[in-house]
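Chemist: After the structure tokens below, expect a handful of questions from me.
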Amino acid sequence: MALRFFNTYSREIEEFEPHDPTARPIRMYTCGPTVYSRAHIGNFRAYIFEDLLQRHLELRGYKVHRVMNITDVEDKTIRGAREAGVPLQKFTEQFKDAFFEDAHTLRIKRADEYPAATDQRYIDRMIEMISVLISKGLAYQADDKSVYFRINKFPDYGKLAHFDLTQLQSTGRVKHDEYDKEHIGDFALWKAWDEADGDVKWDSPWGHGRPGWHIECSAMSMALLGDQIDIHCGGVDNIFPHHEAEIAQSEGVTGKTFVRYWLHCAHLLVDGQKMAKSLGNFYTVPDVLAKGYTGRELRYALLRVHYRVPLNFTWEGMNEARESLARIDDWLARLREVAKPGNAQHLTTAFEDALDDDLNISAALGFLFESIRETNRVMDQNKMDAASASDWLDWWKRINTVLDLEAGADVVIPHEVAQLAEERENARREKNWKRSDELRERISSLGWEVRDTKDGPKLTRGTGSA
């Protein structure tokens, strides 16, 4: 099956055809964190979708050159640094570090580059682009000394978000980084310095100032990936104004189609509501870990729903993620007890085929668990031969390059649980079955399950604990 993705620009499922598949890797740009606070699990829902996309492209044989930006200068970062009374770089550094820590916890592959908007080489590129836009009559310096993009000079403005500018009342100019279509207007490319910016400023042909948020991504993506890229990702909240502005700026400079495929991830809800600190349902990765869950459990919970469907995060859903991973762990342990190396047989591609269809992870996971049911039934009947078990383990290894869900170092067995398991094993050697059962119950009460195998007892997290 050919790869097919839903393109936000056309609002249609389209067959994936890279701009130039023979000459270079797939060029993929993903909007990264704005480092004014720690990224929340809604942000990471989008980052995990992008991780799934990259991993599946690679499984299908593509090389991927992925760039993810770090937005470290915009309205919120400047305000945060000012309120904290520290320089901008010191203020944002803590949240950059937190982002990389959380991404590692969730097993998100690193991008090839993480350009920061404050890097002078990208500031220079932004100034160069703005100068070109002014020379083409697509931008102008206003009486407030800031430079704005003339949206009425770019006929395709609004096509990504699918609204008709003629039906909207213009407010003239919009200097804020974020706004909605009810406040449509010429957006800022370069913001003239004012006292609220403090020492955050750069020299430009238009005086001291700083870039607008939108021009940052255009400059960084074009500097690292070229004038035309294959895939641009982000959350649905990025469609307007951010990605709409990126198209206008980039194509205004080059006259070429900026992006071939726009892919956007739907919102994450918490208990059916929008996540908000005021509602007490705002969670970061450390918040979830503090509840006793692991990074891979959260990864599964954020991964399992199709990216274009809103994901409702609940603690019940986290327990379901734990149960699902326990089923995978138990299945792999059973297969390893049976498997022996042999002549490998290439098993079904149904998992990959499902992901070919606009990353249909729900169908892919459905096939995984159906396979687990069927192979467990065969093992229950002692009909699984060693070569077949080995083939299924090879199949799992292949699909896990996309999922990255196998138990690993993030599963830490508490000392008390490990000690009880050791005591239980001693009781079994002594054939003290009553004591063995009592210790099993104590282990279970602590949220762990013990399973006896030919290689000794195996501990896994219980399915109902947190």
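The values are calculated or read from the model by the stated rules, or taken from the named source; none is laboratory data. All values derive from a computational prediction rather than experimental measurement. Please note: Cβ atoms are built from the backbone with ideal geometry, for glycine as well, and neighbour counts cover all protein chains shown. Ligands, DNA and RNA are stripped out before the accessible areas are found, and what is left, the full protein with its side chains, is counted by its heavy atoms. Shrake-Rupley method; radii C 1.70, N 1.55, O 1.52, S 1.80 Å.
Chemist: For labels at GLU370 and LYS159 in the simple 7 Å Cα→Cβ model, what's the distance in nm?
Modeler: Label-label distance for GLU370 and LYS159, simple model: 4.0 nm.
Chemist: At 20 °C and 1.002 mPa s, what whole-number value in µm²/s does Stokes-Einstein give for the translational diffusion of the range 38-196, with Rh from the Kirkwood sum over Cα pairs?
Modeler: 115
Chemist: Explain nothing, just the number: dipole magnitude of the chain about its Cα centre with +1 on each Lys and Arg Cβ and -1 on each Asp and Glu Cβ, in debye rounded to the nearest 20.
Modeler: 760
Chemist: Based on the Cα coordinates of the chain, what is the per residue volume of their convex hull in Å³?
Modeler: Numbers: hull volume 76.5 nm³, N = 466.
Each residue corresponds to 164 Å³ of Cα convex hull volume.
Chemist: For the range 361-429, just say rounded, prolate or oblate: build the C-alpha gyration tensor, square-root its eigenvalues into a ≥ b ≥ c, call rounded for a/c under 1.5, and beyond that prolate if a/b exceeds b/c, oblate if not.
Modeler: oblate
Chemist: While we're on this one: What is the helix-to-structure angle for 415-429, meaning the angle in degrees between its Cα long axis and the longest Cα principal axis of the chain, kept from 0 to 90 and rounded to the nearest 10?
Modeler: 20
Chemist: Assuming R0 = 60 Å, can you tell me the calculated FRET efficiency for the pair TRP433 and ILE13, based on Cβ-Cβ distance, to the nearest 0.05?
Modeler: Plugging the Cβ-Cβ distance into 1/(1 + (r/R0)^6) gives 0.55.
Chemist: Indicate the gyration tensor shape class of the range 345-388 (rounded, prolate or oblate), computed on the Cα atoms with a ≥ b ≥ c the square roots of the eigenvalues: a/c under 1.5 is rounded; otherwise a/b larger than b/c is prolate and the rest oblate.
Modeler: Since a/c reaches 1.5 but b/c is at least a/b, the shape of the range 345-388 is classed as oblate.
Chemist: Something else now. Relative to the longest principal Cα axis of the chain, at what angle does helix 41-59 sit, 0 to 90 degrees, rounded to 10?
Modeler: That helix lies at roughly 80 degrees to the long axis.
Chemist: Follow-up. Considering the dipole of the chain built from charges on the beta carbon (Lys and Arg +1, Asp and Glu -1) around the Cα centre, which of TYR122, LEU446, ASN43 is farthest to its positive end?
Modeler: Most positive-ward Cα: LEU446.
Chemist: Continuing with this model, one more query. Counting only protein chains, not ligands or nucleic acids, how are TYR9, TYR283, TYR122 ordered by accessible area (probe 1.4 Å), most first?
Modeler: TYR9, TYR283, TYR122
Chemist: Sticking with the crude label model, points 7 Å out along Cα→Cβ, report the distance from LEU59 to LEU279 in nm, one decimal please.
Modeler: With each label point 7 Å from Cα toward Cβ, the separation is 3.2 nm.
Chemist: Can you figure out the FRET efficiency of THR348 with THR254, using R₀ = 45 Å and their beta-carbon distance, to the nearest 0.05?
Modeler: Details: r = 44 Å, r/R0 = 0.98.
Calculated value: 0.55.
Chemist: Can you figure out the FRET efficiency of ALA386 with ASP112, using R₀ = 41 Å and their beta-carbon distance, to the nearest 0.05?
Modeler: Working from the Cβ atoms, E equals 0.50.
Chemist: When we measure straight from the Cα of LYS383, which aspartates and glutamates land under 12 angstrom away, once same-chain ones fewer than 8 places off are left out?
Modeler: Here the aspartates and glutamates satisfying the reach criterion relative to LYS383 are GLU374.
Chemist: Using the basic label-point model (7 angstrom from Cα toward the beta carbon), what is the ARG398 to ARG82 distance in nanometres?
Modeler: With each label placed 7 Å out from Cα toward Cβ, I get 5.7 nm.
Chemist: Charges at C-beta only: +1 for Lys and Arg, -1 for Asp and Glu. How large is the resulting dipole of the range 229-303 about its Cα centre, in Debye rounded to 20?
Modeler: Approximately 220 debye in magnitude.
Chemist: What is the angle, in °, between the Cα long axis of helix 75-84 and the longest principal axis of the Cα atoms in the chain? Nearest 10 is fine, range 0 to 90.
Modeler: Rounded to the nearest ten degrees, it is 80.
Chemist: Return the whole-Å distance between the Cα centroid of the range 8-23 and the Cα centroid of the range 364-432.
Modeler: Cα centres, the range 8-23 to the range 364-432: 39 Å.
Chemist: Pairs to check: LYS90/LYS145; LYS256/LYS277; LYS76/LYS274; LYS397/LYS434. Give those whose C-alpha atoms are more than 31 Å from each other in this structure. The partial results should precede the final answer.
Modeler: On the way: LYS90/LYS145 28 Å; LYS256/LYS277 42 Å; LYS76/LYS274 20 Å; LYS397/LYS434 39 Å.
Correct reply: LYS256/LYS277; LYS397/LYS434.
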